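FYI, it's all coordinate maths here, none of it is from the lab. Since we're looking at a predicted model, the values are computed, not measured. Here the Cβ is made from the backbone with ideal geometry for all residues, glycine too, and neighbour counts use every protein chain on show.
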Amino acid sequence: MATIREPAREIPVVHDVDVVVCGGGPGGFPAAIAAARHGARTVLIERYGFMGGLATAGLVAPILAHTASEAHTPIVEGILREVTERMHALGCAPSWEEATQEWGIRFDAEALKVVIDEMCQEAGVTLLLHTLIVDVARKGDAIDAVIVESKSGRQAVRGKVFIDATRDADVAHRAGARTTFGRAYDNCPEAMGSFFHLAGFAEVDAAREEELRQQVEREMEDSRFQFYNPGFLSKRCAYHGDHAAANMTRFGGDPTDVTTLTEAELSVRRNVWELTRYLRATVPEFAEAYVQQTSPQVGPRESRQIVGPYALTGEDIRAGRKFADGIARGSWWIDIHCPRGHAYPVHLCTADCPMGADCDYWVAEHERMPASRQDLMPPKGDWYDIPYRALLSVSVPNLLSSGRCISATHEGMAGARVMGTCIAIGQAAGTAAALAVQEAVSPAEVDVQRLRALLRQDGQLI
C-alpha cells in the first residue's frame, strides 16, 4: 500500500480537565453526568451532533435489562430512572412504574436527545459534539490527551482520567492497551443490524397481522429477503403508535473496518426498501406505506473489549453471579446474533442452530454450546453483577471503560451489551473517575466500597 508522510505540527490543547468521557452513548452520557455531579471538571466528546449512541443514532429500542430476568423487579435505577421520568414528562416514555411492568423502556429517540442535553448541561459537562477522536497522546503508560478532529481542526483534550465509551474501545486501542475482539474461535463479532420505522399503513387486527407475518416468513424461506425474523409490524419497541419499529436486519463483519461498515449500510437500506416495495405491491393495507426513518448508522453489537483484571463471562450470566465489587446489574441473556451474518432461519449460536454441520464453528464447538435458548438465560427473577474490575485496563492506569467495551468474553458481552446495563455501568464509571481525581489515585486504587456507597446514595441499585 502506498503511503504519504504527514508533516509534524503543534496541536493546541483546547481543554485540560479532570475527566474526559469519550463517546456520548449509553455508556458515555451517564458517566459524564455522574462525574460532573461529583465535582469533576468533565468534557464529553461525541462524533454526532447529538448524544444517545445507538439509542438515537441506531433507533435501538426499548432500553432493556432495567428489571430482573423474566420479572418486573427493578435492578437499575439512578440516572436511568431519571432519564425515563424526564422523557415521561415530555409525553415520550411511560412512567417509571409503568416501565417496570414492561419488557423494556419504550421511548422517543428525539426526546432522549434533548433530555441528555439538559442533564449534561445542568451537571456542568462541557460538550464537544461533531468531534471525532482520532488518536491518543501518552505520557509513560498513561494517557495524557486524546487527539480530536472537528470543523475547528485538529486539537487535543487533556485529562487526568479517561473513560472509553466509544463502543469499539477506540481510545484503548489507540493507546496500545490490550483488547480482545469477537469470539475466541475466529475473532468474529456478533452480527450488526439496524432498526427501521414503517408508517402510512392501515391498522390490522391480530389475525391479519399473523397472516402477514407468515407471508413474509414464507418469502424469507425462499430467500427473497435477508432478514433474521419476520417481525416487520412490531410495535412493542415503539412508544408512539404511528409507526412500526422493526428489528429484522442483519449483516456480518468487522464494525471497526470502514469498508465493511459501508457495505453494511448499503445492504441494510437495500433490504428495507425491498421489503417496503414488496408490501406496497402485494398487501392492500400497505399500498401507501413508507419508510418513516432508517437509523443514521448501522448498529454493531460487538467488537473490541478492553482487557481488565476480570472479564465477565457467560457462566456469570447463567449463574446470576454476584461480586463483592459489583457496581452495576445486568439481566439480559447470552443473546449472540450469528457472527457469520446468516439470516433466517438462523438466529442464535446454540447447539440447535439450523446450520448445524454446515458451519465450521458449530462443528468445532457444538458439544460445548448451550443446547437451546433457555440455557442462555440468567435465573428467573435474578440478575448478575458487573464487577468494577471489568471497567479497568490492565495496560493503561488512568483509563476506565464503559458500556459495550468493558472487559468481557464473547458470551459475557452478549448479555451486558444492552442499554439498561450500559447506562448503569456508565454511572459507575463516571462516579469512579470523580473519586479517583478527588483522592489523587488511579482508578484501580479507588475504594470500591466507597464507590458502591456513593452509587446507592445517588439512587442506583447495588
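For the structure I just gave you, tell me whether residue 60 is more than 16 Å from residue 112 (Cα to Cα) and either touching a residue at least 12 places away in the same chain (Cβ under 8 Å) or surrounded by fewer than 24 Cβ atoms within 10 Å (Cβ to Cβ) (or both). The answer is no for residue 60. For the residues 329, 321, the requirement of being touching a helix residue (DSSP H, G or I) at 6+ places or on another chain (Cβ under 8 Å), in a strand (DSSP E or B), among the basic types (Lys, Arg) and under 20 Å from residue 65 (Cα atoms) singles out 329.
The residues of segment 115-136 that are aliphatic (A, V, I, L, M) and buried (at least 16 other Cβ atoms within 10 Å of the Cβ), listed by number, are 115, 116, 119, 123, 125, 127, 128, 133, 136.
When 171, 216 are screened for being under 19 Å from the mean Cα position of the chain (by Cα), in a helix (DSSP H, G or I) and over 30 Å from residue 364 (Cβ atoms), only 171 passes.
A quick yes/no check of all residues on (1) surrounded by fewer than 17 Cβ atoms within 10 Å (Cβ to Cβ); (2) under 27 Å from residue 216 (Cα atoms); (3) in contact (Cβ under 8 Å) with a residue 40 or more places away in the chain; (4) of a type in the set (Gly, Ala, Ser):
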position	(1), (2), (3), (4)
320	no, no, yes, yes
325	no, no, yes, no
332	no, no, yes, no
339	no, yes, yes, no
343	no, yes, yes, yes
349	no, yes, no, no
355	yes, yes, no, no
361	no, no, yes, no
366	no, no, no, no
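State all residues of segment 22-78 that are touching a His at 6+ places or on another chain (Cβ under 7 Å) and among the small types (Gly, Ala, Ser); if no residue qualifies, say none. Correct list: 49 only. Return a yes/no flag: does segment 261-269 have any residue that is surrounded by 16 or more Cβ atoms within 10 Å (Cβ to Cβ), under 19 Å from the mean Cα position of the chain (by Cα) and either without any contact (Cβ under 8 Å) to a residue 12 or more places away in the chain or closer than 30 Å to residue 395 by Cα (or both). Yes, segment 261-269 has at least one match.
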